[in-house]
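This report concerns only the one structure given below.
The values are calculated or read from the model by the stated rules, or taken from the named source; none is laboratory data. All values derive from a computational prediction rather than experimental measurement. Cβ: placed from backbone, ideal geometry, glycine included. Neighbour counts: every protein chain shown.
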Amino acid sequence: MAVVLTVLVVALATVVLLKVVTRSPASGDTAAGTPRATGSAAPASSAESTPHSASPSATQSASTSSSKTAPSVHTPQGLWWGVDSTRSISSTTIANVRAWYRGHPRPQFWGRYLSGSFGTSRAELAYARAQRIYVYLIVHDRNCSHCNGGDLCGNDRTGAQAQADAHAALSTAHRLRLPARATLFKDIEQVSSCRGEPTSAYLLGWYHAVRGTSYRVGFYGNVHKQYYDFPRAYCRALAGDPSLGGGAELAMNENEPRIGAPRGTTGPRNAPAFHPQSPSCAPASATKIWQYGESLTTANATDIDQARPDTPGLLAPDGTATP
């Protein structure tokens, strides 16, 4: 009997010992070979500290996976951060933006040409909506620097020319099925040999032709100096029709404190305060968009911009125009 009792005691002790050894890990412990949930965040933190360690293919994959929940991209002053380009919005150009600018940013908005050789398409605009990118539309100028062997001039002089340009832009807008209240920013190039262009007659011709439609009016111009032709024509036009001040939005491409910025040196987090050079007569609220940097290399596909969050007429991801 003593032997039997001894055997039973040993057996019970063995069972208890086995249960202690094989007990599941306590809450907060990890099993061998299973990483902690917090450990998966480490690579992202490392990538942020070294912005250019990711390859274009990696940034392209990241941009696609986050397209539905992409957060707003703001400057330190609360402005929207974006880009503009002659190249279309695509996975390639988004990857280029993320690889070039500091912090791998996704642009909140993107400026694209409505028509011309760099014009957008319905497919591109659908892609931008899927990527949650707002779009502002620039109507190209038929005046041009260094085109076809020289400067092209004489196209921004008369009201009739402006009306013809407006009708062509409106036709393209209808073909692209742009939403009502989208803003059409008429590009006005400062071509050094095109003296006296644009005229106030041209600006007012564009203003009245577009204002009478379902679209909004905008001008994209150069006011590097107040004696440039665009600010002089704008102030004359404003004197002739004061409604221009509140009826036309402005996008300015000067000054450019970040012109030619090298890879990885500029982005939304270190963008300068919003300070575009606008016509001296323009209302303070008229200028909504500022191109504050310009690419000087084919390795960078875009120029860089800021936009006020209340900018009306941007193409929004839901298919409408911003109010």
Just to be sure before I move on: is TRP290 touching an Asp or Glu at 6+ places or on another chain (Cβ under 7 Å), at pLDDT 95 or above and in a helix (DSSP H, G or I) in the structure I sent?
no
Give me the pairs, please: first residue somewhere in region 80-98 and part of a helix (DSSP H, G or I), second residue anywhere and surrounded by fewer than 18 Cβ atoms within 10 Å (Cβ to Cβ) and not small (Gly, Ala, Ser), beta-carbon distance under 6 Å, and either six or more positions apart or on two chains.
THR93/ARG87; ALA95/PRO56
State all residues of region 277-309 that are over 15 Å from the mean Cα position of the chain (by Cα) and without any contact (Cβ under 8 Å) to a residue 40 or more places away in the chain; if no residue qualifies, say none.
PRO283, ALA284, SER285, THR287, LEU296, THR297, THR298
Cβ pairs under 7 Å, 6+ apart or interchain, first in region 238-254 and over 19 Å from HIS224 (Cα atoms), second exposed (fewer than 15 other Cβ atoms within 10 Å of the Cβ), ordered by first then second residue, are GLY245/PRO283; GLY246/PRO283
Output the number of the condition that VAL223 fails; it satisfies all remaining conditions of (1) part of a loop (DSSP other than H, G, I, E, B); (2) surrounded by fewer than 20 Cβ atoms within 10 Å (Cβ to Cβ).
(2)
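Select the strands (runs of 3 or more DSSP E) contained entirely in region 107-198, then report the ones holding at least 2 residues which are surrounded by fewer than 23 Cβ atoms within 10 Å (Cβ to Cβ) and over 21 Å from the mean Cα position of the chain (by Cα).
On the way: elements: 109-113, 134-139, 144-147, 150-152, 183-187.
Those strands (runs of 3 or more DSSP E) span 144-147, 150-152.
Quick one: is PHE219 at pLDDT 95 or above and more than 24 Å from GLY150 (Cβ to Cβ)?
Details: at pLDDT 95 or above: yes; more than 24 Å from GLY150 (Cβ to Cβ): yes.
Yes: the conditions hold for PHE219.
Residues are listed down the side, and each one gets a yes or a no for (1) farther than 28 Å from ARG263 by Cβ; (2) surrounded by fewer than 17 Cβ atoms within 10 Å (Cβ to Cβ); (3) modelled with pLDDT of 95 or more; (4) of a type in the set (Asp, Glu):
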position	(1), (2), (3), (4)
GLU294	no, no, yes, yes
THR297	no, yes, yes, no
ALA301	no, no, yes, no
ASP305	no, no, yes, yes
LEU314	no, no, yes, no
GLY319	yes, yes, yes, no
ARG236 is checked against (1) over 20 Å from THR158 (Cβ atoms); (2) surrounded by fewer than 19 Cβ atoms within 10 Å (Cβ to Cβ) and fails just one. What number does that condition carry?
(1)
Looking for something in a helix (DSSP H, G or I) and either modelled with pLDDT of 95 or more or under 25 Å from ARG98 (Cα atoms) (or both) - is there at least one such residue anywhere in region 252-267?
no
Tell me whether region 271-284 contains one or more residues that are part of a loop (DSSP other than H, G, I, E, B), touching an Asp or Glu at 6+ places or on another chain (Cβ under 8 Å) and at pLDDT 95 or above.
yes
Just to be sure before I move on: is ARG232 at negative phi and out of contact with any Leu (no Cβ under 8 Å at 6 or more places or on another chain) in the structure I sent?
yes
Which one is nearest to THR158 (Cα to Cα) among residues in region 209-220 that are in contact (Cβ under 8 Å) with a residue 40 or more places away in the chain and not in a loop (DSSP other than H, G, I, E, B)?
ALA209
Residues of region 102-117 classified as out of contact with any Pro (no Cβ under 8 Å at 6 or more places or on another chain) and modelled with pLDDT of 95 or more, total
9
